[in-house]
Amino acid sequence: MRSIQRIAMLGAAAAFVIVASACGDDSGGTDSTAAPTSEQGTTTTTRSAPVMGGSITVGVFSPPQGFDPIMSSSAHGTIGGMELMALYDTVVSWDPKTGDYVPRTAKSFQPNVDHTVWTLTLKPGIKFTDGTDYDAAAVKFNVERHTLPTSRSSSRVILSSFVKSIEVTDPLTVKFTLARSWTGFPFLFTRDVGLIASPTAIKAAGDAFNSAPGKAGAGPFMLKSVKAGESMVFEKNPGYYGGAVPLDSITFVPSASGAAAAYDSLSTGTLTAAFVRAPDVIKAARDKGTYTVLAERIPAGNVLDMNAGIVVTCQGGQPAASCQGKPDGEKVKTAAPATDPRVRRAVAAAIDTKQVNERAYSGAAKAGPELFEPDFPLSPGVSGPKYDLDEARRLVQEAKAAGWNGSIRLFSVKDPTGQALGLSVSTMLQAAGIDVKLDSNFTPPTLLSKVLVDRDYDLVIWGAGFSENADGNYVAALGSYQTAGAAARSGFSSTALDQGVEALRVAATDKERTAAYGQIAQAWTSDVPGVALLELENALVTVPKLKGVKRTSSSSFLFDGAWLEK
């Protein structure tokens, strides 16, 4: 099982890790026929040497918001993770089979006894493609950029609240001193914080860096060309520190027409791999039996989040919905119906997750209001809110009697699944007596901006950010649902949930993590910051000849060892 401490031992075997990654195996990463339990199921055990050469085309859920890691949200698989990791690599990756953090540009990443000091030692001799050194000073420069006021990094606030100091102790060593213990600190370095760019290239490009990063990366691929909204082409980095990269190039294209169309493109040869979230499509790929399905289970993969009264700090009249005409620094609590717990409970009682599943996914998802399904790894077995339309109607009437006008805004994305989810939830809320203003015309980036930047929403259908990685779940809960959390996304306040999140921060064993999940799930069911609609999977579906792709954290995938079988 997972052990953060093991990263030090893995660091001593770093050369082996990189060679294994470069070679890959012909199972492509496993899980070609399994039920939704990640990298489990029927796998191919025959191994062969990777074939050099060839190019692939990968359909992505949504392209990155640019190439600057501090402007990239979290570099998640759903938005930019694959592309940015191809360009920059990461300091460490996460192995879903063992739960360990595996060194990539790191040689080791070791904590002190109480996990308040983490020492990162880099592999020697790594160069950015502009020829400059990938060293400790570069890491410090990049991590500190995430905390700048202009940063849009999802890790900005969590870094600012956790990291007391960053010290370069020698050219290859960085010491991070934390304000409080955190057993899962390396998680941040598997995603956005671990995308280290050349300081020289950043300074030379200035404001243009986000759109034109030049030779800023040290990853297995280099950016060759971009056609906005159409494609991003990456060619292999001949000087990659991890050894020879098998593929000549990767082209990433947005799957604008949805998961079903992306899946069809695999059979026609238009795509070599496709990132999909639709459970019916993932099931079809598994049933076919020839495709490789690299999947991560996502508890509350579709969640109905509620604005319970987010407190924003006004700056330059922004966010405009709450701060227009207000002086800088003034704190304003956003006005939203779900500040009333009766409204939150009414919304939860009105939702029949089985009907949502049927209407949005033809019943192929795993429906249930539990935050963690009973068979999810480390599940605490805590039930979710119950569907009770009569109770929902009663609570709606109580809230109206207290002054609520009965109206609520509901946002979702505009792809076919997003529209089906929005219509399904809207219909159920209306049956409970709620006047729903549905807007399903958002793209993923515009919805992110509306919720995370403008802080202007009542209800939103998206993902809670939970995953199979316990450290990722800590970050998700901290940012979304903990009182005064890292992102303060919902304005929700619960002492019980706060205690569960804090227990997860210091959990060092699976038993402790399960107990922390239980505290969080019980508070979720009791106080209802959101409604878990469905467990989903984030999956990369690949054609049989593509081998050696590896899954890491945040539903992202690594292509340094990917190759095409002849």
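The values are calculated or read from the model by the stated rules, or taken from the named source; none is laboratory data. Everything quoted here is computed from the prediction, not taken from an experiment. When we count neighbours, we look across all protein chains shown, and the Cβ atoms used for this are built from the backbone with ideal geometry, even at glycine. Each accessible area value is taken on the protein alone, full model and side chains, heavy atoms only, with ligands, DNA and RNA left out. Shrake-Rupley method; radii C 1.70, N 1.55, O 1.52, S 1.80 Å.
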ARG152, sole failed condition from (1) part of a loop (DSSP other than H, G, I, E, B); (2) surrounded by 24 or more Cβ atoms within 10 Å (Cβ to Cβ): (2)
Every residue from region 236-255 that is among the small types (Gly, Ala, Ser) and more than 20 Å from the chain's Cα centre (by Cα): GLY239, GLY242, GLY243, ALA244, SER249
Residue in region 383-394 that is surrounded by fewer than 20 Cβ atoms within 10 Å (Cβ to Cβ), within 19 Å of ASP527 (Cα to Cα) and under 26 Å from the mean Cα position of the chain (by Cα) present: yes
Region 536-557 - residue that is open to solvent by less than 10 Å² (accessible area, probe 1.4 Å) and in a strand (DSSP E or B) and, of those, nearest to GLY239 (Cα to Cα): PHE557
Residue, least open to solvent (accessible area, probe 1.4 Å), within region 405-416, restricted to residues that are in contact with a Gly (Cβ under 7 Å, 6 or more places away or on another chain) and more than 22 Å from PRO529 (Cβ to Cβ): ASP415
Residues (out of contact with any Leu (no Cβ under 7 Å at 6 or more places or on another chain), of a type outside the set (A, V, I, L, M, F, W, C) and over 17 Å from LEU410 (Cβ atoms)) located in region 334-373: PRO341, LYS354, GLU358, TYR361, SER362, GLY363, GLY368, PRO369, GLU370, GLU373
Residue match in region 321-328 (condition: of a type in the set (A, V, I, L, M) and open to solvent by less than 50 Å² (accessible area, probe 1.4 Å)): no
In region 309-320, residue most open to solvent (accessible area, probe 1.4 Å) [restricted to those that are assigned to a strand (DSSP E or B) and in contact with a strand residue (DSSP E or B) (Cβ under 9 Å, 6 or more places away or on another chain)]: GLN318
Breaking point among (1) of a type in the set (Asp, Glu); (2) in contact with a Gly (Cβ under 9 Å, 6 or more places away or on another chain); (3) in a helix (DSSP H, G or I), for ASP328: (3)
Every residue from region 488-503 that is aliphatic (A, V, I, L, M), under 21 Å from the mean Cα position of the chain (by Cα) and open to solvent by 10 Å² or more (accessible area, probe 1.4 Å): ALA488
Residues of region 114-137 satisfying the condition of being open to solvent by less than 10 Å² (accessible area, probe 1.4 Å), under 29 Å from VAL506 (Cα atoms) and aliphatic (A, V, I, L, M): LEU120, LEU122, ALA136
Lone unmet requirement of (1) open to solvent by 30 Å² or more (accessible area, probe 1.4 Å); (2) under 27 Å from ASN538 (Cα atoms) for ALA402: (2)
Boolean, PRO213 is assigned to a loop (DSSP other than H, G, I, E, B), open to solvent by less than 10 Å² (accessible area, probe 1.4 Å) and touching a helix residue (DSSP H, G or I) at 6+ places or on another chain (Cβ under 8 Å): yes
Subset of region 255-307 [among the polar types (S, T, N, Q) and assigned to a loop (DSSP other than H, G, I, E, B)]: SER255, SER257, THR270, THR272, THR290, ASN307
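Please go through region 226-252 and give me each residue that is part of a strand (DSSP E or B) and either charged (D, E, K, R) or open to solvent by less than 50 Å² (accessible area, probe 1.4 Å) (or both), ordered by number.
The answer is LYS227, SER231, MET232, VAL233, PHE234, GLU235, LYS236, SER249, ILE250, THR251, PHE252.
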Selected residue (only one of THR129, THR147 is assigned to a loop (DSSP other than H, G, I, E, B) and over 25 Å from the mean Cα position of the chain (by Cα)): THR129
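Examine region 420-440 for a residue that is part of a loop (DSSP other than H, G, I, E, B), among the β-branched types (Val, Ile, Thr) and either under 18 Å from the mean Cα position of the chain (by Cα) or surrounded by fewer than 22 Cβ atoms within 10 Å (Cβ to Cβ) (or both), and state whether such a residue exists.
no
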